[in-house]
Amino acid sequence: MSIPEKFLKPYDPKNAEGRIYKLWEESGFFSTDSHSHPNDLKLKAESFCILMPPANANGNLHAGHGLVMTVEDIITRYKRMRGFKTLWLPGLDHAGFETQVVYEKVLEKEGRSRFEIPRDQLYKEILDFTLKNSANIKSQVRKMGASCDWSREKFTLDPDIVKIVYQTFKKLWGDGLLYRGKRIISWCPKHQTSFADIEIKDEERIEPYYYIKYGPFTISTSRPETKFGDKYVVMHPDDKRYAEYKDGQKIPVEWINGEITATVVKDKAIDMEFGTGVMTITPWHDATDFEIAERHGLDREQIIDEQGKLLPIAGEFAGMHIKKARPLIVEKLKAKGLLVKVDENYKHIVHTCYKCGTTIEPQIQSQWFVKMKPLAAKALEKINAGEVVYIPEHYKKITVHWLENLIDWNISRQIVWGIPIPAKICDKCDTGFVDLENKITKCDKCGGAVRKDIDTFDTWFSSGQWPFATLGFPDGKDFKEFYPTDVLETAGDIFHWVARMIMLSLYVTGKLPFTTVYMHGVVLDAKGQKMSKSKGNVINPLDLTEKFGTDAFRMGMVVGNTPGTSLALSEDKIRAYKNFANKLWNIARFVLESTEGVRLDEKFEKYTEEDSALRKARHELLTDVTNDMDSYRFYLAAEKLYHYAWHEFADKIIEDSKKIFSEGDASKIASRKQFLLHTLNKILRALHPFAPFVTEEIWQLSGHKNLLMIEKWPIE
RNA sequence: GCGCGCUUAGCUCAGUUGGUUAGAGCGUCUCGCUUACACCGAGAAGGCCGGGAGUUCGAAUCUCUCAGCGCGCACCA
């Protein structure tokens, strides 16, 4: 066979990648269903399953996704070549709040607001918007070379997924692990929804801090606008300074809008060292205060409404937004002589909405909560027993720490975009009933009328059920075959998602959802800074693949990138691997040219002493690489193969070969030609998981009839 | 405050259980168009492995401590 003309020009990823991906996809081998592998690759009885973390259906592929696709595809291709019945299941997340925020921005541009649009219509609009955009990210995943089984693709809003999510909700209810309760939650006044802890960002702020006279006491606050209803004054029971005041004692106090009666409460939550050791409480708008009120059975009163405006209790300030009201209230306190002093440089942490930065306003609301303690306990038991291997290991500690400190999980969101909560609410007695069959018409507690709950689930409630939901729990064929899955690969900063999957999967299926957790780090810009739109340093992975080829991008993502460590993404690095792809190309060209007319002979035995030594070294290298692959040390495997191909095979062996060929010793030449052919063949196989396109392209041009993708890994 | 990381060549990072002169890529410098490849080749410079103490025959690697950076959790009104 003569050398294809293509080899005369440098490797051109643009020419190859689309065509090669199509070849793979149309072959059907991304799925293990209806095909048996040809060649020698016999499927092992063992299955191997990895689930793609569901990306935001509405989003674009970002650098982090680039890393996900690279690592997971390396794992998948490797396992496939090792003969496992391999499933990499792709999926998309409706990403509730995230997506709704994006759509709200679209609405804003059109001069509309979500609050003016009927719920059904809004849901439909966002659904259309999401589905329209989801084609985008799917084509981007393909560009990364992902060899996932598209025939099994899932979306968190698919009816079969929703059905399973509902079953779990019902099970939690039946087991007493779910309740609807009036509790303090974190509320974003702008987005008009409650949040879980992870959706809150802490921000350090310097704000004035006010010391205010409260009867015989001086209290302090950074938020005077919440203080209107404060009628309990709390101090530590052991505080000698206030020993004369007894628990339950009533004291008349001249307050913002006139005289009130304050009640003394003694509680150990008070820090005697802080401020004056006395505080008044606002249970409706502060988590600590809420707890104190719970403990002592105290009244709670709402001061601020859901829009951040003061309620009638604020008297003359009613209807005013808290931002505007604060200085005016301070003025009034001052005028009444109640303001003792102001500390202008008070540094404290303020909770803000992770999306819009609006200060979170705690509110007491009726929401759905999952009791996490029992779920966490089971997960901790398994994790501590080492039944889940964390790579790197320290994520285990982080996870354990998180699980040990879990509070009940607020799973209801007051947004339209999401899975509707299948429940009925009785507004009269504020009770909720889980009602999948839509049968409940009357409150069985008070007999009042019930209405449908209009809230939706926290998006993590559904994605937390991903492993068993996507595989078709409880009796789907895939569930039986692939559950528990093998490895869960994702970004370290969403370890809580992993923990949720462990908890919910254990709870629902009784088994761990996976045995290995592989966490990768954050992808940073070339300078090691976090990428952000506002900094303008966001790197689009697709620009890089466009410029240097997908293989180069993938190699750049994986070489030297240890799990869990952040990765500085620079063009220089990617460029280096573009050169490598071309190097491979030329290695292939040389080998094919110089062995024209010679066939690769599996049974060839007449190797020279020198070549035998080279074979041995090659075998050792491949053994080493295989060990690295099995231990998830892709960063080492890739580097070793790179080094071998370039600096060993190309720089030394090929260079020596030129000499051997020119010297004319027929047996030496025959030996070396076999060695070159075998080595090229093995290098292509071993590098295929890392650089699938260029290796497949060379494989195809070398006259192979089958796909490299389903060839065997180079050594057993 | 508690917890988790990180600190190795100019830059980005490897260094798997402690073991010979500490590695790679990029960058820099000097040569070289030797027909696989200039998206290349040959070669070179460059590191008391953050500071200090300890364990050991031996430490970048283990322990302690200090410093700097990053992240997470909890916070006090």
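The values are calculated or read from the model by the stated rules, or taken from the named source; none is laboratory data. Small disclaimer: the values here were computed from a predicted structure and weren't measured. Cβ placement follows ideal geometry from the backbone for every residue including glycine, while neighbour counts extend to all protein chains displayed. SASA here: full protein model, heavy atoms, side chains in, ligands and nucleic acids out. Shrake-Rupley method; radii C 1.70, N 1.55, O 1.52, S 1.80 Å.
Answer with yes or no whether residue A:251 is in contact (Cβ under 8 Å) with a residue 60 or more places away in the chain, assigned to a strand (DSSP E or B), open to solvent by less than 40 Å² (accessible area, probe 1.4 Å) and farther than 24 Å from residue A:365 by Cα. Judged against the criteria, residue A:251 is not a match.
Looking only at segment A:676-716, how many residues end up being in a helix (DSSP H, G or I), among the aromatic types (Phe, Trp, Tyr) and surrounded by fewer than 24 Cβ atoms within 10 Å (Cβ to Cβ)? I'd like the intermediate steps shown before the answer.
Taking segment A:676-716 and keeping what is in a helix (DSSP H, G or I), we get A:676-687, A:692-701, A:708-710.
Next, only the ones that are among the aromatic types (Phe, Trp, Tyr) stay: A:693, A:699.
When the remaining residues are screened for being surrounded by fewer than 24 Cβ atoms within 10 Å (Cβ to Cβ), the result is A:699.
Going through segment A:676-716 one residue at a time, the tally reaches 1.
Taken over segment A:407-443, the residue count meeting the criterion of being open to solvent by 20 Å² or more (accessible area, probe 1.4 Å), out of contact with any Phe, Trp or Tyr (no Cβ under 6 Å at 6 or more places or on another chain) and under 30 Å from residue A:386 (Cβ atoms) is 1. One residue stands out among those in segment A:269-290 that are out of contact with any Asp or Glu (no Cβ under 8 Å at 6 or more places or on another chain) and more than 27 Å from residue A:318 (Cβ to Cβ): the one that is surrounded by the most Cβ atoms within 10 Å (Cβ to Cβ), which is A:278. Listed conditions (1) crowded, with 19+ Cβ neighbours inside 10 Å; (2) free of Cβ contacts under 8 Å to residues at least 60 places away in the same chain are all met by residue A:256, apart from (2). Among residues of segment A:210-238 being among the hydrophobic types (A, V, I, L, M, F, W, C) and touching a helix residue (DSSP H, G or I) at 6+ places or on another chain (Cβ under 7 Å), the one that is farthest from RNA strand B (Cβ to nearest atom) is A:228. Residues in segment A:496-521 that are within 17 Å of residue A:71 (Cβ to Cβ) and not polar (S, T, N, Q): 8 in all.
Inside segment A:483-500, residues that are open to solvent by less than 10 Å² (accessible area, probe 1.4 Å) and of a type outside the set (Val, Ile, Thr) make up a count of 5. When you look at residue A:124, is it on the phi < 0 side of the Ramachandran plot, assigned to a helix (DSSP H, G or I), open to solvent by 10 Å² or more (accessible area, probe 1.4 Å) and in contact with a Pro (Cβ under 9 Å, 6 or more places away or on another chain), yes or no? So residue A:124 fails the test.
Among the candidates A:536, A:597, which residue alone is open to solvent by less than 70 Å² (accessible area, probe 1.4 Å), at pLDDT below 90 and more than 13 Å from RNA strand B (Cβ to nearest atom)? Don't jump to the end; show me each part of the working.
Details: A:597 fails: open to solvent by less than 70 Å² (accessible area, probe 1.4 Å).
Step by step, each of A:536, A:597 is checked, and only A:536 is open to solvent by less than 70 Å² (accessible area, probe 1.4 Å), at pLDDT below 90 and more than 13 Å from RNA strand B (Cβ to nearest atom).
Residues that are aliphatic (A, V, I, L, M) and either closer than 26 Å to residue A:557 by Cβ or out of contact with any helix residue (DSSP H, G or I) (no Cβ under 6 Å at 6 or more places or on another chain) (or both) number at least 3 in the following strands (runs of 3 or more DSSP E) confined to segment A:431-531: A:485-491. Cβ-Cβ contacts under 7 Å between residues 6 or more apart (or on different chains), taken from a first residue in segment A:478-504 that is within 16 Å of RNA strand B (Cβ to nearest atom) to a second residue that is of a type in the set (Gly, Ala, Ser) and not in a helix (DSSP H, G or I), are listed as A:492/A:521; A:492/A:564; A:497/A:464; A:500/A:464.
All of (1) closer than 20 Å to residue A:382 by Cβ; (2) more than 16 Å from RNA strand B (Cβ to nearest atom); (3) not basic (Lys, Arg) hold for residue A:412 with one exception: (1). Residue count for segment A:602-641 under the criterion of being open to solvent by less than 40 Å² (accessible area, probe 1.4 Å) and within 16 Å of RNA strand B (Cβ to nearest atom): the result is 12.
If the condition is being out of contact with any Ser or Thr (no Cβ under 8 Å at 6 or more places or on another chain), farther than 28 Å from residue A:436 by Cα and either among the hydroxyl-bearing types (Ser, Thr, Tyr) or assigned to a loop (DSSP other than H, G, I, E, B) (or both), then segment A:169-220 contributes A:215, A:216.
When restricted to residues that are surrounded by 19 or more Cβ atoms within 10 Å (Cβ to Cβ), among the basic types (Lys, Arg) and within 12 Å of RNA strand B (Cβ to nearest atom), segment A:539-582 contains 2.
Quickly run through segment A:326-345 and pick out the residues that are within 16 Å of RNA strand B (Cβ to nearest atom) and either within 28 Å of residue A:194 (Cα to Cα) or open to solvent by 70 Å² or more (accessible area, probe 1.4 Å) (or both). Walk me through it before giving the result.
The initial filter retains those residues of segment A:326-345 that are within 16 Å of RNA strand B (Cβ to nearest atom), namely A:326, A:329-330, A:333, A:338-345.
Answer for segment A:326-345, where residues must be within 16 Å of RNA strand B (Cβ to nearest atom) and either within 28 Å of residue A:194 (Cα to Cα) or open to solvent by 70 Å² or more (accessible area, probe 1.4 Å) (or both): A:326, A:329, A:340, A:341, A:344, A:345.
Taking the listed residues A:611, A:601, A:624, the one that is under 30 Å from residue A:391 (Cβ atoms) and not in a strand (DSSP E or B) is A:624, with no other qualifying. Within segment A:187-204, restricting attention to residues that are more than 10 Å from RNA strand B (Cβ to nearest atom) and of a type outside the set (A, V, I, L, M, F, W, C), the residue that is surrounded by the fewest Cβ atoms within 10 Å (Cβ to Cβ) is A:192. A residue that is near RNA strand B (Cβ under 8 Å from one of its atoms), closer than 30 Å to residue A:529 by Cα, free of Cβ contacts under 8 Å to residues at least 60 places away in the same chain and open to solvent by 50 Å² or more (accessible area, probe 1.4 Å) occurs somewhere in segment A:642-651.
Where strands (runs of 3 or more DSSP E) fall entirely within segment A:335-395, those with at least 3 residues that are under 30 Å from residue A:516 (Cα atoms) are at A:389-391.
Residues in segment A:515-555 that are touching a Gly at 6+ places or on another chain (Cβ under 8 Å) and over 26 Å from residue A:686 (Cβ atoms): A:522 only.
Go through the residues of segment A:519-533 one by one and say whether even a single one is open to solvent by less than 50 Å² (accessible area, probe 1.4 Å) and more than 20 Å from the chain's Cα centre (by Cα). Within segment A:519-533, one or more residues are open to solvent by less than 50 Å² (accessible area, probe 1.4 Å) and more than 20 Å from the chain's Cα centre (by Cα). Do we find a residue being open to solvent by 10 Å² or more (accessible area, probe 1.4 Å), away from RNA strand B (no atom under 16 Å from the Cβ) and among the hydrophobic types (A, V, I, L, M, F, W, C) anywhere in segment A:160-170? Looking for residues that are open to solvent by 10 Å² or more (accessible area, probe 1.4 Å), away from RNA strand B (no atom under 16 Å from the Cβ) and among the hydrophobic types (A, V, I, L, M, F, W, C), one finds at least one in segment A:160-170, hence yes.
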